[in-house]
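First the structure, in the form of C-alpha cells, and then the observations on it.
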Amino acid sequence: MDHHHLLEATGIVVSGVLFYSLAYGWFAPDDPRRRPLWIAGLGLVWGGLAVVLMISRIQTSDGIYVDARVIPVALIGLFEGWWAGAIAALAAVAYRVWLGGGGAAAGVVTLVAVAAAAGLAHRWAGGTARVRIHHAFALAVATFLITFGGFGLLGERGRTMFARVWPSYLSLTVIGLPTLALLMTSIVERQSLARERERFRAILDDATDAVRIVDVDTHRILDCNRADCELSGLGREEMLGRDSRSSWPRAPAGGALEGEPAASPPAGGPARALGVPFRTAAGRVLAVDRTRRVVAYRGRRYEILIYRDAAERLAGEEARREAVSLRSMNLLAQAAAHEINNPLAIIMGYTKMLEDRLPPGTEESSWTRTCRSAAGRIRDAVARLGRIVRIESTHPTGDVPAILDTERSAAKPPDEAARQ
C-alpha cells in the first residue's frame, strides 16, 4: 500500500473531523430552527469528502487501487442519523453516476446501503451523544460486508478484484472507521460538556440566593453567581480568587471569624445558620441566612455556601410577632370591655342620678361631675382598646417604663389616612 496515498486519504477524513468540531460553533445544532441547516451542511461537506476520496485513490499494488468513499458516509450517518448520511451518499452517488462505467450501479448500491446501515447504527445508539465504540465497530463490520456485496454485484470479475484488495478494505473499515469515530465521540462529549457548563452557569446566575464555591484549604473563592456579586458589591472577576474570610466579620471577643467556617470542616450534610454577619465590599455588615456544605472531589475539598439577606425573614418574623401581640391585645381588650363596661355603666348611671339630685354649684355637685368625667375617660379608653390596629408604645421617662400608647395604636397609619 502506498503510504503517501494513505496519509493523503487520512488527512482528507481528518479535515472533515476538524470541520465537524468547528461547525458546532457555527450552526448551533441544539436550536431546532437551525437543525435542518446543520444536517444539510454536514451531509454536503462529508459527501464532498467522499467525492474527494474517490478521486484520491490509494494504490495497494501495481495497477490496483482502493478508495475510502464509504468512510465519510458511514461516519456522518452514525453520528447525525439518516438524513445526514443520505445527503452525503447522494452527493457521492451523483459523482459516481457522472463517472459512469460498468461498476456505477454497484457503487451506487454500496453507498446507499452504507448510509442505511449508518442510520440504523445511529438509531441503535440512541442519538449523537450516545454513540460508543461498539456501535462504530459494528458499523465498520457492516460496511466491510456491504463493500464485499458491492463487489459481488459485478459477478466473477468483482469477486476476483475483491480477493486482491480485501485486506486494504478491512483495514480502512474495521480499523479506520472506529478510530475516527473515537475522535468524533470526543468532539461530541466536549461540546456536551460546554453546553452543560453554559446551562449550569445560566441556572447559577439566575438563582435568587447567593452561591459561592470556596477551596477549603486556601479559602479562595473559585466560583460565584450574580446574586453573590450583587450582595458583596463586587464584579465576578474581582470575586474569583478573593479570600472568602474577608466577607465574614470577626467576633467582638476574639480572633475567630463569626461567619467563617471552621478551618477543617468535615465533609457531610449541610450546616444551616441564621443571622450570620456578612461584610460587603463597602464595609456594611448585613445579617444573612446561610447554608454550607463541604464536598470532596478528586482529593480536594470544596465548600459550597448558599446564603441570602436575612432582612426579609426578619421583617416577616417581626410582622408575625406583632400579629400575635395584636391578637393577644384584642382578646384582652374584648375581655376588659366585658368586665369593665358593665359595672362602669352602673357607676355612670348612679352618678348621673346623684348629680341631678344635688343642688347646682355645690361642691358635692362638682365632685359628681368629676366622677362622671373620669368614668367617661375610662369608657373611651376601653373603646380605644377595641380599635387597636398596631402596637405603639410610649417612650420611657424616669422610673416609668414604656407602656402601650392606646391613642397611637388605635389611630390609622398616616399613609392609610392620607388615602382616605
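Mind listing just one residue for me: the one in the range 189-211 that is under 14 Å from the mean Cα position of the chain (by Cα) and touching a residue at least 40 places away in the same chain (Cβ under 8 Å) and, of those, nearest to Leu305 (Cα to Cα)? In this case the residue turns out to be Val211. Looking only at residues of the range 1-40 that are open to solvent by 50 Å² or more (accessible area, probe 1.4 Å) and of a type in the set (Asp, Glu), we find that the one that is nearest to the chain's Cα centre (by Cα) is Asp30.
Taking the listed residues Gly102, Gly119, the one that is out of contact with any Lys or Arg (no Cβ under 8 Å at 6 or more places or on another chain), more than 26 Å from Leu7 (Cα to Cα) and not in a helix (DSSP H, G or I) is Gly102, with no other qualifying. Filtered by the rule that a residue be modelled with pLDDT under 90 and assigned to a strand (DSSP E or B), the range 219-259 gives Arg250, Leu257. Among the criteria (1) more than 30 Å from Asp209 (Cα to Cα); (2) in a helix (DSSP H, G or I), the one Pro359 does not fulfil is (2). Answer yes or no: is there a residue in the range 337-346 that is in a helix (DSSP H, G or I) and within 60 Å of the chain's Cα centre (by Cα). Within the range 337-346, one or more residues are in a helix (DSSP H, G or I) and within 60 Å of the chain's Cα centre (by Cα). The requirement of being out of contact with any strand residue (DSSP E or B) (no Cβ under 9 Å at 6 or more places or on another chain) and over 24 Å from Arg327 (Cβ atoms) is not satisfied by Ile340. The single condition among (1) loosely packed, with under 15 Cβ neighbours inside 10 Å; (2) closer than 23 Å to Trp248 by Cβ that Leu305 does not satisfy is (1). Considering Met184, Met161, the condition of being in contact with a helix residue (DSSP H, G or I) (Cβ under 7 Å, 6 or more places away or on another chain), open to solvent by 60 Å² or more (accessible area, probe 1.4 Å) and not aromatic (Phe, Trp, Tyr) is satisfied by Met161 alone.
The values are calculated or read from the model by the stated rules, or taken from the named source; none is laboratory data. Here the structure is a predicted model, which is why all the values come from computation and not from measurement. Note that each Cβ is placed from the backbone with ideal geometry, even for glycine, and that neighbours are counted across all protein chains shown. Note: accessible area is taken over every heavy atom of the protein model, side chains too, but ligands, DNA and RNA are not part of it. Shrake-Rupley method; radii C 1.70, N 1.55, O 1.52, S 1.80 Å.
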